[in-house]
1. May I ask you to list pairs of residues, at least six apart or on different chains, whose Cβ atoms are under 7 Å apart, with the first in the range 147-170 being closer than 18 Å to ASP132 by Cβ and in contact (Cβ under 8 Å) with a residue 24 or more places away in the chain and the second being open to solvent by 10 Å² or more (accessible area, probe 1.4 Å) and in a helix (DSSP H, G or I)?
2. So which residues in the range 280-297 are outside any helix (DSSP H, G or I) and open to solvent by 30 Å² or more (accessible area, probe 1.4 Å), if there are any at all?
3. Could you check how many residues of the range 321-358 are more than 13 Å from LEU382 (Cβ to Cβ), modelled with pLDDT under 95 and within 28 Å of the chain's Cα centre (by Cα)?
4. Does the range 398-410 contain at least one residue that is in contact with a Pro (Cβ under 9 Å, 6 or more places away or on another chain), in a helix (DSSP H, G or I) and at pLDDT 90 or above?
5. Against the condition open to solvent by 10 Å² or more (accessible area, probe 1.4 Å), closer than 23 Å to SER369 by Cα and modelled with pLDDT of 90 or more, how does VAL490 come out, does it pass?
6. Name every residue in the range 318-332 that is open to solvent by 10 Å² or more (accessible area, probe 1.4 Å) and either farther than 22 Å from LEU354 by Cβ or in a strand (DSSP E or B) (or both), in order of residue number.
7. Looking at the structure I just gave you, is LEU92 in contact with a strand residue (DSSP E or B) (Cβ under 6 Å, 6 or more places away or on another chain), within 18 Å of PHE61 (Cα to Cα) and either at pLDDT below 80 or not aromatic (Phe, Trp, Tyr) (or both)?
8. Check off (1) within 19 Å of LYS224 (Cα to Cα); (2) within 23 Å of the chain's Cα centre (by Cα); (3) among the small types (Gly, Ala, Ser); (4) assigned to a loop (DSSP other than H, G, I, E, B) for ALA252 and give me the number that stays unchecked.
Amino acid sequence: MRIAAQHSRVQHKERGRNKLISSLGKRKGSPCQQDGDADSRAGKIMRSLIPNPQLPEDILFCIHSLLPMREAARAAHLSHAFLSSWRRYPNLIFNKDTIGLKKKLYGENFHHKIGRILRNHSGIGLKTFKLDYSGMCGFDGTSYLDSWLQAALKPGIEELTLWLTETIRKYNFPCSLLSGGVGNSLQNLKLQFIALHPTAELGPLRSLTSLHLCHVSRTWDELKCLLSNSLALEQLELVNCVEITCLKIPCALQRLSSLSVLACLDLDVIESKAPNLSSLFISGHSLNFSRVETLQMKKLDFSRSNFIRYARAKLPSLMPNLETLVIDSGCEVVDAPMLPTKFLYLKHLTIRLLLGPTSRSYDYFSLVSFFDASPSLETFVLDVTQLYMVHESIRLDSQLRHIPEQCHACLKNVKITGFSSAKSLIELACYILKNAVFLECLTLDTIYGFRCDEGNKYKSCLPTSHGLRTLSAIRTYIENKVPSTVKLTVLEPCSRCHDKGRW
């Protein structure tokens, strides 16, 4: 009974401490700063409550490890009870925010704080090491990296991120540090602006499941060496790796399910024999799908001009299990054809079209072919970007085209961005309202691209020259066709960025 009562009291106090830590974790402050933080209200509360001898060390360590790094450093400064657990803190994430430096203090102060934290860390229990120079353009800390990595890369490490900025000379990553116990535990590796030259001496990376390389200098032979030692790999992402001329994924990568390749400018050949590849993102490259195992493909995100017609004609047979399709096309010479082949499992379709002043007038109504081919389609997004109106605008005497009625029973959500008074866009919207019998939401955004109010990230909307015509067309041809069960949302040009007199 006494043991049970003591256990109950400990649980009650632990719940109270969790609430305290949760509230403190939301407060802002700088790590490892011996200043007025110690006299803050949060500091006084933590200083008075943390040193409790009734809590075992392992419970204190568990509590401390759940704190964000800034608060964990502050707690270690305020209490000896947390000082020892700080030396085993599992997640070291260094960036301009976690270190708490203002822009004018970037440089040696930044490096000094990282060095001091690593010197005080035992290396035991470290799971995550992230060094992120985002927002610190031209910042060069490569002269410190060797010693930092030697301190951080110990057996048990699971995630390593080195997100550097562009410098005159790229840092040469010491691949030897990935051998032995590190290779047995490392699961995620993310590198930017680094030279990576693994050799045959590199040991197996038995636990590596995610590899992301951005602006990394390496040849195909060096990448092949790394891949052959990473048989547990599930995700591979290559961005702006300009020295790679070919990519041939071997069948030995049985677990590889996701491949992303973006702007590797010299890459001419992409092949994959990975049998379980189910998600593919390719941008800026052509791809011979006959050289890729595609039967298991469930998600395809492909960026290439004139791909809409190819996708409609070829993909149903090449990727019969496709569930998500994203097409990003710069222009289209031919409209989408009406064919008997089907995407039996396609649920989500996104098409982005960028039309310049010299682009031909694309027939958006031809996209009905995808609806006819996709009996399971649930969401459809069409994003049209056109700097100039290159389509025939609908007129009062225009005759809308009709095709035999089809029942699209699964289609529930449709959004068209960059909606205009183009006749074929009006026809497409009317077709959807008539044939998507269980449609729930239709959103027509008259602005292409991002809006100025989206998270304060964009200061202004992109310009439009056809706002009034578009709104008039929506009122005349679309609003009276909207069933009572459908929510129609029309996003007009915002008044802050667009003068109504110039729409």
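1. From residues that are closer than 18 Å to ASP132 by Cβ and in contact (Cβ under 8 Å) with a residue 24 or more places away in the chain, the pairs are TRP148/LEU118; LEU149/LEU177; ALA151/LEU118; ALA152/LEU118; LEU153/LEU177; ILE157/SER185; GLU158/SER185; THR167/THR142.
2. PHE281, GLY284, SER286, ASN288, GLU293, LEU295, GLN296
3. Adding up the residues that qualify gives 3.
4. Looking for residues that are in contact with a Pro (Cβ under 9 Å, 6 or more places away or on another chain), in a helix (DSSP H, G or I) and at pLDDT 90 or above, one finds none in the range 398-410, hence no.
5. It is false that VAL490 is open to solvent by 10 Å² or more (accessible area, probe 1.4 Å), closer than 23 Å to SER369 by Cα and modelled with pLDDT of 90 or more.
6. LEU318, PRO320, ASN321, GLU323, THR324, VAL326, ASP328
7. Yes.
8. Of the numbered conditions (1) within 19 Å of LYS224 (Cα to Cα); (2) within 23 Å of the chain's Cα centre (by Cα); (3) among the small types (Gly, Ala, Ser); (4) assigned to a loop (DSSP other than H, G, I, E, B), the odd one out for ALA252 is (2).
The values are calculated or read from the model by the stated rules, or taken from the named source; none is laboratory data. Treat the numbers as computed from the prediction; the structure is a model and nothing was measured. Quick reminder, even Gly has a Cβ in these numbers, built from the backbone with ideal geometry, and neighbours come from all protein chains shown. Note: accessible area is taken over every heavy atom of the protein model, side chains too, but ligands, DNA and RNA are not part of it. Shrake-Rupley method; radii C 1.70, N 1.55, O 1.52, S 1.80 Å.
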